[in-house]
Each structure stands twice: as structure tokens, then as C-alpha cells.
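Structure, as C-alpha cells:
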Amino acid sequence: SKVKEELFDPVAEDRAAELARQERDALQLDGGRTVYRRFEDTTCFVDGEVADVASRLQAAINGALYDEDEAVPMYAANVDWTTPFPRAKGSQTPLDELTNALSFYKRLDLAIVGGRSLPGSNGNSARNEMEFRWEASVEWPNSWESRVLLTGTSRIVLDASSAKIVSQTDKLDGGDNVVAAIGSQLNPRFWDLYHIGMTPSAELTPRLQPRGDVKKGLFSGSYELCEVPPRLVVQPTLLDFGGRDERIAQVVPNHAFSTIIKTTGPNKQRYVPVSPIEVAISRDAEAGANRVTWSIPIAPEFLAAAGSDGELPLPASDQDMSDDMQATSGYKLQPRRLVATVPYGGNPQDEDVSNVRKELYDAIISDGLNPKLDESGRPMFFFWQNDAKACYVSDGGLGMSVYEWRPKF
């Protein structure tokens, strides 16, 4: 925008980039880890064989989407493929369909985020069954460039002798109605239009209809139930000694960021916003203070760009924070969750939050639902900041957070 160009300071921008580089160099000199290797995380990929197949499959996907010279053959020529997604006539394998889809979408990214082994097919050790969790992000070819995020799983059968996939069955989270899943994300959102030009359209964490065995009770009108699929998040945390006076939970802390983003000038970068940002405040009895934890969903484009190595940069520490605050940051796979929500237009540390939280707790208990408890035995509450967007670049990760003005209602 014109205002951005007027405020652009190339000297300050270069200085910020240099400071970020120095912080990472200092972390490396101190012997600290500078990368997270996601395919080595057993909470995401339960064993070495699954991780190896996931790594090779990610390389094959990237070859189909980004660079055909790096394509990896992963599928048998006669693969048995069942999917809820539409298929072009010429698509024999999922990789063919990904390549063909590029002729329609402005951008398409697909990341493998987790995997597990399944019992062998009829006891046949020559055919290994696995299930992989994936996230697909597309930039729709309309004037406002809608971001569509789809999540799901694929069950594959791997032939041990050829190391190729001979069968694959895809399943979309929330049911296999692809048209409904996409259509609900295409329309321009009110606040995107209100703040037009602030950021590109954001990817929204899916909020799915609960599964059939979850029953709403008499008080369900006072809250909404949704199911959130597993997601890999950036998770910074720290001890909060200032409480409501300092309101430290309102913004993402500096030690969450692994890069900077240039939003204007000759080196302007393309970035992907995601929303909402999740904030949880819990009691740390040992420290005698509250602990604030942010869970920031990750754009699939960033995960996919890490390729078969799966190396994601870890943020450097914030030199302005005292050691007493125990500020740390890393990556974590959140499990599938059933979430009860009520609307609230304030901030995480407003005094009104306590009353809102109690009313929500009373309503779900009255309906016979059991809230999940934390390590201290307290119900787990968190705050979704729908007015916040976390912004990622493919070659550096989380580099910026943007907060929109919204009225309190």
C-alpha cells in the first residue's frame, strides 16, 4: 500500500535482518539446537519406517508440485486409488493429479504432517499398511485469492519388494463432501474486506462438525461444539509475573519468530497468513506464577518447503527476557480435540474472561460433557484470537503477526 511504501526504511530493514542472523549465530555457538527435524519426531511419525516413507512421499509430492526434475517414483503403475477428490482423466496416480491441478489453482501445497503403521494386510509382511495425515492448501483463482485449507488422511499399502505404493484410500476430515468443504472457504470474509489490503486472505484452522457419538444437551444453545483435527503448531511459552497489568498474553512473544518478513520495498516477500492464534493460561504451582502458552498453526507451504529433510528453523531466544520467565519455543503436534466455544470480543487477560469461562464450564458439565484436565487437575481452557494472523514465509517460517481492529461484541 502507499502508506507502507512511505514508511519503508531500507536501512532499518537491513539492520533487523542482521540482528536476526546474529541471534541465530549466537544460539549455534552456545550449542543450542537451531532446527527441528519433523520426520524424527515420534509424536508425529511413530517409527523409523513410517518416517522414511513419509519423507520420500513428501519429496515425491514436492517433485510433482514444484520441480519435476526432483520427482521421486512412489506409486506402482497400476496403483489402486480411491479418493473423494475429482480426478482428471489422465491422472493415474495422486502425483499426476497434483501436477494437473496446478493448471487451475494459483498455488497448491501439500504437507505430510504425521503417520503411523497399521496391522499388516492379512498377515502378509510383504505388504505394509500405513496411515498418513496430510494438509493441503490452495490459493483459489478468484479476485480476492481465497485460501482453502483441507485436512485428512490417506491409508496406503506399500509393496516391500518394490518400495512402491500399490493402494491408497484418501479420507477428508469432516466427511467426504469436497464441494462443501471448499465452498465454505471461498466467500470473502467480512473482516478481510473491512481491512482490505492489510494482509492476503488467511488460512483458517478447520472447525468440523463433531462426530455422531457426541450429543448436545439442554444447555448446548449457550455454546458451540466443534472438532479440530490434529495440527502441527509453533508453541512458545513463558511465565507471566505481570498478570493483567502487563497483559503479556495479548501478543505473540518475540521468541516465537524464526525469521523476519519484508512486506514492502524491492525485496518484498510473499507470505501466508494463518488464523486463529490460540492462547492458554495455566497455573505453574512450582514457579508461583501463571504460564502463558501460544499455539500457532503452521502453514502447509512452510512444512512442504522443508522437503524430505523436514528441517524447520527454531527461533532464537529473546535477549530482553529474564531467565526467570523460562521462555522457550518449539514445535508440537496437537491431537484431535473436541472444543466447546462461546463468543467473546475481548482479550485473553480481561477480567470478564473468568466469568465467561465459568459459564461455559457450568453449561458443558450440565450437559454431561467432561472437560479435559491439565496436569494440575484443572479444566483446560484456551482463547482463540480470531483477530490475529500469524504470517509464514516458505524459507524461514513464522516471521510476523498481524492484529486487526474489531469491536467488542
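Mind giving me the FRET efficiency for R283 and V179? R0 is 56 Å, r the Cβ-Cβ distance, nearest 0.05 is fine.
Numbers: r = 45 Å, r/R0 = 0.81.
Efficiency computed from Cβ-Cβ geometry: 0.80.
How much length is gained on full extension from R357 to V214, taking 0.36 nm per residue of separation minus their Cα-Cα distance? Intermediate values should be presented prior to the final figure.
Numbers: separation 143, 0.36 × 143 = 51.48 nm, distance 2.13 nm.
Extra length from R357 to V214 when fully extended: 49.4 nm.
Sum up the charges of everything whose Cβ sits under 11 Å from the Cβ of W144, counting Lys and Arg as +1 and Asp and Glu as -1, but leave W144 out.
Details: positive: R147, R189; negative: E139, E145, D192.
That sum, taken over residues with Cβ under 11 Å, equals -1.
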Checklist entry - Taking square-rooted eigenvalues a ≥ b ≥ c of the alpha carbon gyration tensor, is the range 57-148 rounded, prolate or oblate, where a/c under 1.5 means rounded and, failing that, a/b exceeding b/c means prolate? => result prolate
Item to check | Cα coordinate range in the range 235-362, projected on the principal axes (Å, largest first) | outcome: 49, 35, 32
Checklist entry - Accessible area per residue of the chain at 1.4 Å probe, in Å²? => result 52 Å²
Checklist entry - Within the set K89/K268; K262/K358; K268/K332; K262/K372; K106/K171; K171/K358, which residue pairs have Cα atoms separated by over 32 Å? => result K89/K268; K262/K358; K262/K372; K171/K358
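Rank-order 42-48, 206-212 by packing density, defined as the average count of other C-beta atoms within 10 Å over each peptide's residues, highest first. The partial results should precede the final answer.
Numbers: 42-48: 16.0, 206-212: 13.9.
Taking the mean over residues of other Cβ atoms within 10 Å, the ranking is 42-48, 206-212.
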Next on the checklist: Give me the base-10 log of I(q)/I(0) for the chain at each q in 0.13, 0.14 Å⁻¹, Debye formula, one uniform scatterer per Cα, rounded to two decimals.
Outcome noted: -1.28, -1.45
Checklist outcome for this item: Check: C-alpha center the range 340-367 vs C-alpha center the range 248-299, spacing in Å is 23 Å
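Determine how many Å³ per residue the convex hull of the Cα atoms of the range 44-106 encloses.
Details: hull volume 8.0 nm³, N = 63.
Spelled out: Cα convex hull of the range 44-106, divided by residues, is 126 Å³.
By average Cβ neighbour count within 10 Å, what is the ranking of 366-374, 97-105 from highest down? The partial results should precede the final answer.
Numbers: 366-374: 12.8, 97-105: 15.1.
Sorting 366-374, 97-105 by mean packing, highest first, produces 97-105, 366-374.
When the helices in the chain are scored as -39500 (n - 2.57) per DSSP H run of 4 or longer and the sum is shared across all residues, what 222 nm value do you end up with, to the nearest 500 deg cm²/dmol? Could you put the intermediate results ahead of the total?
Values: 9 runs with 88 residues, N = 409.
Per the formula, -6500 deg cm²/dmol.
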Checklist entry - Taking the highest mean first, how do the peptides 290-302, 156-168, 334-346 order by number of other beta carbon atoms within 10 angstrom per residue? => result 290-302, 156-168, 334-346
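Hey, what did the chain get for relative contact order, percent, Cα under 8 Å, at least 6 apart? Intermediate results must be reported in sequence, preceding the final value.
Working: 775 pairs, mean separation 73.2, N = 409.
That works out to 18 percent.
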Item to check | For the range 300-409, the fraction of alpha-carbon pairs in successive 10 Å shells from zero, as % | outcome: 10, 28, 34, 24, 5
Next on the checklist: Using 5 Å bins from zero, what percent of all Cα-Cα pairs in the range 136-271 falls into each bin?
Outcome noted: 2, 7, 10, 12, 14, 16, 15, 12, 7, 4, 2, 1, 0
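The values are calculated or read from the model by the stated rules, or taken from the named source; none is laboratory data. Please read these numbers as outputs of a predicted model, since none were measured by experiment. When we count neighbours, we look across all protein chains shown, and the Cβ atoms used for this are built from the backbone with ideal geometry, even at glycine. SASA here: full protein model, heavy atoms, side chains in, ligands and nucleic acids out. Shrake-Rupley method; radii C 1.70, N 1.55, O 1.52, S 1.80 Å.
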